[in-house]
Structure formats: structure tokens, C-alpha cells
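**Q** The structure's right below; bear with me while I get my questions together.
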Amino acid sequence: VDFSWTEAQLALRDRVIAFARDELNGDLARRDRDGTFLRENWDKCAAFGVLGSFVPEAYGGRGMDLLTTVLMLEGLGYGCRDNGLTLGLNGQIWSVQRPILRFGTEQQRTHFLPRLCSGEWIGAHAITEPDAGSDVFALKTTARRVEGGYILDGYKSTIGMSAVADVAVVSAATNPERGSWGITMFLVQTEWSGVRRGPARPKMGLRTVPLGDIHFEGCFVPETHRLGPEGSGMSLFNASMDWERAFIFASHVGGMARQLDECIAFAKTRQQFGTTIGKFQAVSNRIADMRLRLETSRLLLYQLAWMKQADRPAGLESSLANLHLAECFAANSMDAVRTHGARGYLAEFEVERDLRDAVGGVIYAGTSDIQRNVIARILGL
Ligand SMILES: Cc1cc2nc3c(=O)[nH]c(=O)nc-3n(C[C@H](O)[C@H](O)[C@H](O)COP(=O)(O)OP(=O)(O)OC[C@H]3O[C@@H](n4cnc5c(N)ncnc54)[C@H](O)[C@@H]3O)c2cc1C
């Protein structure tokens, strides 16, 4: 196993860190307080090449390999303190662009991917419903066949980027009697009549990206916008979730590295009882644990990128990584608050925001309980 990076990969990581630090953190405390999504920052990330990363150049992307993409996303999370923005970007890359690239027709790829990569359009992944959360296939949204397409009726809830998205990957029952085998995915443009979006809902963290509901009321979806064959929704969902679970937290690894550096710097300078707090074993042990969580997260992430690049099945590893990265970011965020004392708790020092943001990670892309279920099932339990 070769763990080394090329000069070019490391240079890209350094460039993205500098870009993110210089361009993406401005006025963040206020934007977090007010729940403001800044389109300008999204566009800057698109122009840098974040969204196009592994998408082939023919579809408006940069054609990078997966390991380079993951290293770039990690660097983005190190430089960018706005976890809402990095979640929005990762969500689009892994849950919208990747299924279109893998399962879309040529027409769908050329229609959607260049727009999504350039930032002209924003994509959402609309699966969850009020009564279909972890039990995703209990959905009630229906797509009834009509001449030339389908009529979509239903309601998707807690959808990231809902208020600003131009296109959403939507799951619906085309044949409700067939249960999970009767589900189909659609690419729904939010400008269409019959699509209504609720306002962004106030939330604990990740406030710089909107989370809200999307209603479909007699919305006509042309057949050209069906993703994959009719009834293939469960297979598409499982294949897409594998990627989402694997990589949605790539930028959190960078966030953990940033937290660690800041905690070390603080522990080396903050004086109590006549010495720096890093000299107290309770503090230094905590920081050692943070480093361990960071390194194990990194290894799982890089291994997955390598496996996916080699087209190997990685269902187990995807859930392991998802569970571990989400829980580690939450644990390290808590430890960063502890290490900074009251400064960790006060909003003005911008330490506590990571903790509020990290809590979302143990819920979206499958809760930690669900990841454990998947792992246990694969282990034959
Ligand atoms: C920040 C954020 C962003 C999100 N973004 C999106 C998005 O872009 N698109 C989208 O479609 N959805 C999104 N969601 C919704 C998210 O996917 C769901 O919240 C998640 O799947 C859990 O569903 P639920 O909230 O209905 O909880 P429930 O499924 O009702 O779960 C409640 C509790 O029961 C546990 N539980 C449920 N079933 C089991 C089981 N079989 N075994 C063990 N424990 C179980 C859960 O782990 C949890 O602790 C987002 C959520 C958040 C918080």
C-alpha cells in the first residue's frame, strides 16, 4: 500500500486551503446566526473546480481521480469553516451529480452536469418524507404514468438546499403495489409548475444552507427526466447511497484537522496554575484522542476512495466510514469546546459552531443507528 501523495496533489490541497481561507469564511458568524446561504461562495467553489472534481471534462468537470478529489475536499474542509457550505457542495457532488453520471442517459448528462459543475444550477437529493425517514422505501410520493411522462404528487421533507435548488433527484412510487421494487427516480426541475417549496426551516447547525420541504402537486415530469428504468429506484438508491455514505463527510476530515491544530495552539499558550494547559495530562490525552479519530477517519476515507476508484464493492466500508467520520467529527467538536473552556462555548470564538454542525452528521445520509444495522447485516447478523 502506497500512502504517498504526488507533488501535484499536495499543491492542489494547499491551493484549495488558501482559496477557502481567503474566500469563504467572511462574515460567517453573522451568516450562521441569520441562516444566510451565500450564492456568491457557491459560485466561487464552482469556479475553483470543487463541483466538477471527478466529473469528466466532456460534461463540464475536471476529470480528477477519486483520491485527488477526496484530498481536495479534505483541504476545502480545512480552510473553510462553513460546514453548511461544504455539506451542500458534498451533497450535490455525491448525491446528485454522481447518480446522473452513473445512471443518466447521455441527454441527461449533457443537460444537467455542465450546469451543476459550473454552479449555474444547484442540485438537491429529495428522498426523505415525514413518514419515510430511515425507512426510505415507505415513501408516499407517487408518480402516475400519463402520455409522455408522469404526474408527481407528494411531499419531501428536510431536504438540503431545497429552497435554492434548480433540480432535485426525487424518489416516487410508480407501482405502489410492488413496494420497494415499484420505486423510480426522477430529475425534477424546480421551476416546473406543480413544484412548491417551503421556506428554510430554523435548525441547530449547518445554518448557512437551507433545509426545507418540497411539495409536488400534479407536477408533470417528462419521460426524458426519469433516471434509470421504471422500478429501478431501490437499486439506484442503494448504489447512490453507497457513494453518499462513503464521501459525504470528506470535508469533515479537513475540519477535524483544523480543530486539532487550533486545540494544540491553544493548549500551548493558555496558562492556568502557572503553566500551559497542554501540560495537564487530561488536556493532552484529549488532544491525542482527537488526533487518533482524525487519522482513523482519514484512513477509512482514503481506503474507500482507492476501492471505489478500482470499482470494488465497498458497502461495508462505506457504512463504516460514514459512521466513524460522523461520530468522530461530533466527538472532536465536543473535545474542541472542552479544551477551549468558556471560549469554546461563546459564539464569538467560533469553536462551538462546529459542534452544532457536527450533530447533523449523525442523522443525515443514514443515522448512526442505521449504519450500524447495515454493518451488522453485512457481517451476517
Ligand atoms: C442536516 C440534515 C440534512 C438532511 N438532508 C437531507 C437531504 O438532502 N435529502 C433527504 O432526502 N433527506 C435529508 N435529511 C433527512 C435525513 O436523511 C433523515 O432525517 C434521516 O434519514 C432520519 O430520518 P428521520 O429524521 O425521519 O428519523 P427516524 O427514521 O424517524 O429515526 C428516529 C430515530 O430512530 C432510529 N431508528 C429508526 N429506524 C431504526 C432501525 N431500523 N434501527 C435502529 N434505529 C432506528 C434512528 O436512528 C433515530 O435515532 C437531512 C437531515 C438532516 C438533519
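The values are calculated or read from the model by the stated rules, or taken from the named source; none is laboratory data. Note that this is a predicted model, so its numbers are computed, not measured. Neighbour counts are summed over all protein chains in view; Cβ atoms, including those assigned to glycine, are modelled from backbone coordinates with ideal geometry.
**Q** Kindly state which strands (runs of 3 or more DSSP E) lie completely within segment 154-227 and contain at least 3 residues that are among the β-branched types (V, I, T) and either within 19 Å of F112 (Cα to Cα) or within 10 Å of the ligand (Cβ to nearest atom) (or both).
**A** Fully inside segment 154-227 and qualifying: 167-173.
**Q** Can you name the number of the only condition in (1) crowded, with 20+ Cβ neighbours inside 10 Å; (2) more than 8 Å from the ligand (Cβ to nearest atom); (3) farther than 22 Å from G63 by Cα that A126 fails?
**A** Answer for A126: the failing condition is (2).
**Q** Please go through segment 357-380 and give me each residue that is of a type in the set (A, V, I, L, M) and more than 9 Å from the ligand (Cβ to nearest atom), ordered by number.
**A** Within segment 357-380, A358, V374, I375, A376, I378, L379 qualify.
**Q** Answer yes or no: is there a residue in segment 312-325 that is crowded, with 20+ Cβ neighbours inside 10 Å and among the basic types (K, R).
**A** no
**Q** Sticking with this one: Consider I100 against the criteria (1) buried (at least 22 other Cβ atoms within 10 Å of the Cβ); (2) modelled with pLDDT under 95: it satisfies all of them except one. Which criterion is unmet?
**A** The one condition I100 does not meet is (2).
**Q** Right, next: Please find, among A342, A288, the residue that is farther than 18 Å from M256 by Cα, out of contact with any Lys or Arg (no Cβ under 9 Å at 6 or more places or on another chain) and surrounded by fewer than 17 Cβ atoms within 10 Å (Cβ to Cβ).
**A** When all the criteria are applied, what remains is A342.
**Q** Which count do you get for residues in segment 249-258 that are crowded, with 24+ Cβ neighbours inside 10 Å and touching an Asp or Glu at 6+ places or on another chain (Cβ under 8 Å)?
**A** Final tally of qualifying residues: 5.
**Q** Any idea which residue in segment 285-321 is nearest to the chain's Cα centre (by Cα), counting only those that are among the polar types (S, T, N, Q) and within 17 Å of L67 (Cα to Cα)?
**A** Checked segment 285-321; the qualifying residue nearest to the chain's Cα centre (by Cα) is S318.
**Q** Give the residues of segment 176-210 that are farther than 30 Å from N83 by Cβ and either modelled with pLDDT of 95 or more or of a type in the set (D, E, K, R) (or both), sorted by residue number.
**A** E177, R178, G182, I183, T184, W192, S193, G194
**Q** Further question: Scan segment 19-31 residue by residue and report those that are surrounded by 18 or more Cβ atoms within 10 Å (Cβ to Cβ), out of contact with any helix residue (DSSP H, G or I) (no Cβ under 6 Å at 6 or more places or on another chain) and not basic (K, R).
**A** Residue satisfying the conditions is L28 alone.
**Q** Let me ask something else. Give the residue that is nearest to R293 (Cα to Cα), with candidates limited to residues of segment 348-366 that are under 24 Å from the mean Cα position of the chain (by Cα) and surrounded by fewer than 17 Cβ atoms within 10 Å (Cβ to Cβ).
**A** Filtering segment 348-366 for residues that are under 24 Å from the mean Cα position of the chain (by Cα) and surrounded by fewer than 17 Cβ atoms within 10 Å (Cβ to Cβ), the one nearest to R293 (Cα to Cα) comes out as I363.
**Q** Right, here's the next one. Looking at (1) more than 14 Å from the ligand (Cβ to nearest atom); (2) modelled with pLDDT under 95, find the lone condition where G233 falls short.
**A** Every listed condition holds for G233 apart from (1).
**Q** Would you confirm, using the coordinates I've provided, whether S134 is within 13 Å of the ligand (Cβ to nearest atom), within 20 Å of the chain's Cα centre (by Cα), among the polar types (S, T, N, Q) and surrounded by fewer than 18 Cβ atoms within 10 Å (Cβ to Cβ)?
**A** Spelling it out, S134 is indeed within 13 Å of the ligand (Cβ to nearest atom), within 20 Å of the chain's Cα centre (by Cα), among the polar types (S, T, N, Q) and surrounded by fewer than 18 Cβ atoms within 10 Å (Cβ to Cβ).
**Q** Suppose we filter segment 82-121 for residues that are over 21 Å from A200 (Cβ atoms), part of a loop (DSSP other than H, G, I, E, B) and charged (D, E, K, R); how many remain?
**A** Number satisfying all stated conditions: 1.
A quick yes/no check of all residues on (1) touching an Asp or Glu at 6+ places or on another chain (Cβ under 9 Å); (2) surrounded by fewer than 19 Cβ atoms within 10 Å (Cβ to Cβ); (3) in contact (Cβ under 8 Å) with a residue 24 or more places away in the chain; (4) not aliphatic (A, V, I, L, M):
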position: I183; (1), (2), (3), (4): no, no, yes, no
position: W192; (1), (2), (3), (4): no, yes, yes, yes
position: G218; (1), (2), (3), (4): yes, yes, yes, yes
position: L227; (1), (2), (3), (4): no, no, yes, no
position: F247; (1), (2), (3), (4): no, no, yes, yes
position: E262; (1), (2), (3), (4): no, yes, yes, yes
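**Q** Does R144 count as modelled with pLDDT of 95 or more, in a strand (DSSP E or B), farther than 24 Å from R115 by Cα and away from the ligand (no atom under 16 Å from the Cβ)? Before the answer, list the steps.
**A** Numbers: modelled with pLDDT of 95 or more: yes; in a strand (DSSP E or B): yes; farther than 24 Å from R115 by Cα: yes; away from the ligand (no atom under 16 Å from the Cβ): yes.
Judged against the criteria, R144 is a match.
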